[in-house]
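One structure below.
The values are calculated or read from the model by the stated rules, or taken from the named source; none is laboratory data. Predicted model only: the values in this text are computed from it and were never measured. All Cβ positions, glycine included, derive from the backbone under ideal geometry; neighbour counts span all protein chains shown. Calculation scope for accessible area: heavy atoms of the full protein, side chains included, ligands and nucleic acids excluded. Shrake-Rupley method; radii C 1.70, N 1.55, O 1.52, S 1.80 Å.
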Amino acid sequence: MNNLEQFRAETRAWLEENCPLSMREPVSGFEDIYTGGRHPEVAHPDQQVWCERMAQRGWTVPQWPREYGGGGLGKEEAKVLQQEMARINARRPLDSFGISMLGPALLHFGNEEQKLEHLPPIACGEIRWCQGYSEPNAGSDLASLQTRAEDQGDHYIINGQKVWTSYADKADWIFCLVRTDNSGSKHEGISFILFDMASPGVTTRPIRLISGSSPFCETFFDNVKAYKRNLVGEEGKGWTIAKYLLTHEREMISGFGAAPKKSVGESALEILGADASGRLANGILRQTIAQYQLDALAFSATMSRVGDEAKAGQGLGAASSIFKYYGTELNKRRNELNMAVGGEPALGWEGDVYDGGGTSRDWLRSKGNSIEGGTTEVQLNIIAKRVLGLPD
Amino acid sequence: MALILTEEEVMLRDSAAGLLAEKAGVPQLRALRDAGDELGFSREVWREIAELGWPGIPVPEAYGGLGYGYTGLGLVLEQAGRQLSPTPLQSAVLVGATAINELGTEAQKQALLPAVAAGEILVSLALQEGPHHAPEHTALVATAAADGFTLNGSKCLVLDGLAADHFVVIARTAGAAGETEGLTALLVPAGVPGLTVERRSLVDSRGVAALRFINVAVGADAVMGEAGAAWPGLSRTLDIANVGLASELLGLATRAFELTVAYLKERKQFGKVIGSFQGLQHRAAELFAELELARSIVLQALQAIDANDPDLPKLASAAKAKLCEVAQRATNEGIQMHGGIGMTDEYDIGLYIKRARVVQHCFGDYNYHLDRFARLSGF
């Protein structure tokens, strides 16, 4: 038995013994995902048991180094762990912005002290993070952000406002873009800093969307103290880190374009019925659905192709630049079709009879996909300029 | 299977690009067109291509081919699409060799495939009869005679029909129009009494013929496989043909897009290159995204042929429909973004929209294949 096979056998046995049965059921919704933090929202006590057991082995973040609370696994081992978890339908024990966003940025840009201080609490789910990027006057033009950080020797004093801060009202710490210098171009003078959301002077206000309540907040900073040891990278060079993280975020959002289990066409056939030839009764709707499903198929083939090219060492091809734009536009098309296919029940907003308005709320929420994390228009600018080489 | 090309495939693609650009590209197409060439391709260039073994790419080794599969052939066809190469690769290799391999008897394969693989003989499929691709509505009749069949009827859109040595003729031996049962594939040599082959001049200036059968007698040994049971083999042949044509359209659309982007960087109006205008930039970026999707679905469909994937019919229609859509958009945007000069015969972009339109139509267009994709997707 080689090492990898032995690792598989041990992993399988450990998972069998340690993964609670309730954690082998699919999550029922966003509120059923365990995100940790000082004041964790616990939908089921097994969530904490499962997270704790996995964290002890470093398997909440299998590929992070062991000294930072990770599992220290290589690519192949991490794949085995993923396969073995999938085999018994084990949930991911912990899902957070700390794991998906700040962690990779700190591993890449942070100093040793910062990694040792901040990564282990992310790995064990002790500290929950939020992201302070957008401002009321810095949306697509993020680099024009104005939240000020004044140099006070060993710390900064921060004043300003962030918006679209997901879970700001529930997070313990924030990774935040602030302006430390106004004299140069707008991309210079931006710094990437970390501070405690419990600091005096931080207030948050949830934002209600067209789809109803949301995790988004407005976040206000009134003379908030942030220590310089928590400045990541050099002062004034935060834009590089910001861009690195935006790429991560766009990859996550483009995943929304993946095709659902039951196809729109099959749902439509159940609701609207077939004509004598077995085709969906409404030919015009049928064509629109077919166009959507064709594009969804070609899009998922493209995700696979780019993944396979990267695995084969051919680098991340130009095709990856289309993911955010195309994936979110596809998701909007799918949601429009869900409304068209669903009819009256899809219009429901509240009440059990309408499944809490799931269809209409998802439809409305999807409109934000092509805005958040870089609008469709910004993405098209990027393709035109950086991939096609068209001039300014 | 990973959606990437092997080193060997990359080498084949690059050597195809080189040869076709030099010997069978747009200048050669123009020359053939302007000379009113009947065949629509150069036999001499075809011999050079044959020497490289390309006609044998999809033919199994047991029958003298390279047994290299359709992913490899797809790469060559993509290059042919880029250069608008006038060759019988589509008619005789993609469709002709495939039809014999999928429909023929062992004796027919042994008799014909080695010569097809060597590029020595050309075999073309005679299928379409009306204005649209509708194989189950085949009406050309093959009536049982003393020692074989008598054929009556007509065919159109026979690719390189004037140059073909043999035809694979799809005929009805039983059943009614609209039924898939009762269709028979027959191997008919060119020059048989009662068969007339007439050139048809289409918009792409390639060699296409219409056939007329008046009491054409063929022997029982002309039947490919079993009489009345051609549908499964024909269906697979058409799936393969459509994926191959999708590869050609991929190359064609990509090249049309490259020509257009190059023009956007060069043409000045209002004191700036027009490629700096966001109205054009976004349309170009959207087209780039569509071309990336097109490339992925074509590669997936090509690999599905070689892997005997049961999903091939759905993937073939997906690839053909997507490429019809994208090639149409790329060539239309190409002309629009070139402006007035795009309407002139002197500029190449017009040749691209002409060839695209013919390839889009062959063996089922966008509307045909989007409908089939929906049916095969269960709605």
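Odds and ends about this structure:
- Cα pair distances exceeding 22 angstrom across segment A:129-241, given as percent: 26
- Rounded to the nearest angstrom and listed largest first, the equivalent-ellipsoid semi-axes of segment A:188-257 from its Cα gyration tensor are 25, 22, 9.
- With a simple spin-label model that places each label point 7 Å from the Cα along the Cα-to-Cβ direction, the separation between B:Ser201 and A:Lys385 comes to 5.1 nm.
- DSSP-defined antiparallel bridges as percent of all bridges, segment A:129-241, nearest 5: 85
- Maximal additional length on extending the A:Asn3-A:Leu246 stretch stands at 83.8 nm, based on 0.36 nm per residue less the C-alpha distance.
- Size-normalised alpha-carbon gyration radius of segment B:7-121, reference 2.2 N^0.38 Å: 1.05
- The residue list B:Gly350, B:Gly69, B:Leu234 was ranked by how far each Cα lies along the charge dipole of chain B toward its positive end, using unit charges on Cβ atoms, and B:Gly350 comes out on top.
- Kirkwood Rh, angstrom, chain B [1 / mean 1/r, Cα pairs]: 21.1
- In chain A, a dipole from Cβ-located charges (positive for Lys and Arg, negative for Asp and Glu) runs towards its positive end, and of A:Gly236, A:Tyr167, A:Thr247 it is A:Thr247 whose Cα lies farthest in that direction.
- Interface area, chains A and B: about 3400 Å² of buried accessible surface, summed, with a 1.4 Å probe and ligands, DNA and RNA left out.
- When the Cα positions of B:Pro58, B:Val116, B:Leu84 are compared along the charge dipole of segment B:7-121, B:Leu84 comes out farthest toward the positive end, with charges on each C-beta of Lys, Arg, Asp and Glu.
- Segment B:302-379: mean projected area of Cα convex hull, nm²: 6.0
- Cβ charges +1 (Lys, Arg) and -1 (Asp, Glu), total dipole of the protein assembly as shown, debye: 1220
- Sequence-ordered 3J(HN,Hα) estimates for segment A:50-59 from the Karplus curve with 6.51, -1.76 and 1.60 and θ = phi - 60° stand at 5, 5, 4, 5, 5, 4, 4, 8, x, 8 Hz, glycine and proline given as x.
- All other residues whose Cβ lies under 15 angstrom from that of B:Phe277 are scored, Lys and Arg at +1 and Asp and Glu at -1, for a net of +1.
- Dipole in debye (nearest 20) - segment A:248-392, about Cα centre, beta carbon charges: Lys, Arg +1; Asp, Glu -1: 400
- Across segment A:349-365, coupling constants 3J(HN,Hα) worked out from phi with the 6.51/-1.76/1.60 Karplus curve, θ = phi - 60°, read 10, 9, x, 4, 4, 9, 6, x, x, x, 5, 6, 5, 4, 4, 5, 5 Hz, and Gly and Pro carry x.
- Calculated over segment A:45-140: convex hull of Cα atoms, volume per residue (Å³): 138
- Over segment A:3-94, the pair-distance histogram of Cα-Cα distances with 10 Å bins from zero comes to 17, 49, 29, 4, 0 percent, rounded to whole numbers.
- A:Arg365/A:Lys311 FRET efficiency (R0 51 Å; Cβ-Cβ; nearest 0.05): 0.95
- A:Asn182 versus A:Asp392: modelled label distance in nm, points set 7 Å from Cα along the beta carbon direction: 2.3
- Prolate/oblate/rounded label for segment B:124-229 (Cα gyration tensor, a/c 1.5): oblate
- Reference-scaled alpha-carbon Rg (2.2 N^0.38 Å with N residues) for segment B:24-83: 1.30
- Cα convex hull, the protein assembly as shown: 189 Å³ per residue, rounded to a whole number.
- Descending principal axes extents, segment A:258-387, alpha-carbon based, whole Å: 48, 37, 24
- Kirkwood Rh (inverse of mean 1/r, distinct Cα pairs), chain A, angstrom: 23.3
- About the Cα centre, charge dipole magnitude for segment B:82-180 (Lys/Arg +1, Asp/Glu -1 at Cβ), debye: 200
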